[in-house]
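Colleague: Below you'll find the structure I mean.
The values are calculated or read from the model by the stated rules, or taken from the named source; none is laboratory data. Worth saying up front: this structure is predicted, and the values here are computed from it rather than measured. Here the Cβ positions follow ideal geometry from the backbone for every residue, glycine too, while neighbour counts run over all protein chains shown.
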Amino acid sequence: MKRLFLIFLISCLPSTVNTEIVYIDLNFILNNSEIGKSLNIHLSKLQKEQSEKYKKIQLDLIEKEKKLLAQQNILEKNEFDKKIKKLSDEINEYRSDKNNSNDELNQNKINQTKRILKILNPIITSYVDANSISLVIPKKNIIVGKKKLDITDEIIKLLNNKSQKLDF
């Protein structure tokens, strides 16, 4: 639907007006600009710390399960069932905590990306004004386009000059 609207919009532009249409790859900018790279490094570090934390907890839970299964024939049925219930509760708490941490990490990524886009938007706007550009289209909506219409590299240079890193 977006592409159909875009084609309609472009076809409605008067042919006598000098219109400059360009495209930009925002994902490439977010991954390859200095500020984007610093965000990726920060998120990777957080993800690695989180992974190590939960791997340790998982190994502890597996060890508890092995010990409990080894005691199955020694313990009374009621006591064994209580310990199984307790272990099951710990496993459920582990899963819930891990899911919450993943959600927090994803939300952090979204929030930090929004911060970068807030810095990027005025840069794109000033570039568009300075170069008399009528329309900027995201590259993901382009099927085929001339390479000279891609302004991604120029925007990355401007973004790198304006802001190298953010405090995350």
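Colleague: Condition first: surrounded by fewer than 11 Cβ atoms within 10 Å (Cβ to Cβ) and over 45 Å from the mean Cα position of the chain (by Cα). Now tell me which residues in segment 68-94 satisfy that.
Modeller: ASN73, ILE74, GLU76, LYS77, ASN78 - these are the residues of segment 68-94 that are surrounded by fewer than 11 Cβ atoms within 10 Å (Cβ to Cβ) and over 45 Å from the mean Cα position of the chain (by Cα).
Colleague: Now a separate question. Name, by its number, the condition in (1) modelled with pLDDT of 95 or more; (2) within 30 Å of LEU159 (Cβ to Cβ); (3) exposed (fewer than 11 other Cβ atoms within 10 Å of the Cβ) that does not hold for LYS118.
Modeller: Single failed check for LYS118: (1).
Quick grid of which residues meet (1) without any contact (Cβ under 8 Å) to a residue 12 or more places away in the chain; (2) in a helix (DSSP H, G or I); (3) within 21 Å of the chain's Cα centre (by Cα):
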| residue | (1), (2), (3) |
| --- | --- |
| VAL128 | yes, yes, no |
| VAL136 | no, no, no |
| LYS140 | no, yes, yes |
| ILE143 | yes, no, no |
| GLU154 | no, yes, no |
| LEU158 | no, yes, no |
| ASN161 | yes, yes, no |
| LEU166 | no, no, yes |
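Colleague: Being in contact with a helix residue (DSSP H, G or I) (Cβ under 6 Å, 6 or more places away or on another chain) and over 19 Å from LEU105 (Cβ atoms) narrows it down to one residue among LEU43, LEU68, LEU59, LEU75; which is it?
Modeller: Selected residue: LEU68, the only one of LEU43, LEU68, LEU59, LEU75 that is in contact with a helix residue (DSSP H, G or I) (Cβ under 6 Å, 6 or more places away or on another chain) and over 19 Å from LEU105 (Cβ atoms).
Colleague: Given the conditions (1) loosely packed, with under 11 Cβ neighbours inside 10 Å; (2) under 30 Å from ASN160 (Cα atoms); (3) of a type outside the set (D, E, K, R), report the number of the one that PHE28 does not fulfil.
Modeller: Against the list (1) loosely packed, with under 11 Cβ neighbours inside 10 Å; (2) under 30 Å from ASN160 (Cα atoms); (3) of a type outside the set (D, E, K, R), PHE28 comes up short only on (1).
Colleague: Which of the following residues is under 30 Å from ILE151 (Cα atoms), at pLDDT below 95 and either part of a helix (DSSP H, G or I) or of a type in the set (A, V, I, L, M) (or both): LYS37, LYS67, LYS83? Working first, answer last.
Modeller: On the way: LYS67 fails: under 30 Å from ILE151 (Cα atoms); LYS83 fails: under 30 Å from ILE151 (Cα atoms).
When all the criteria are applied, what remains is LYS37.
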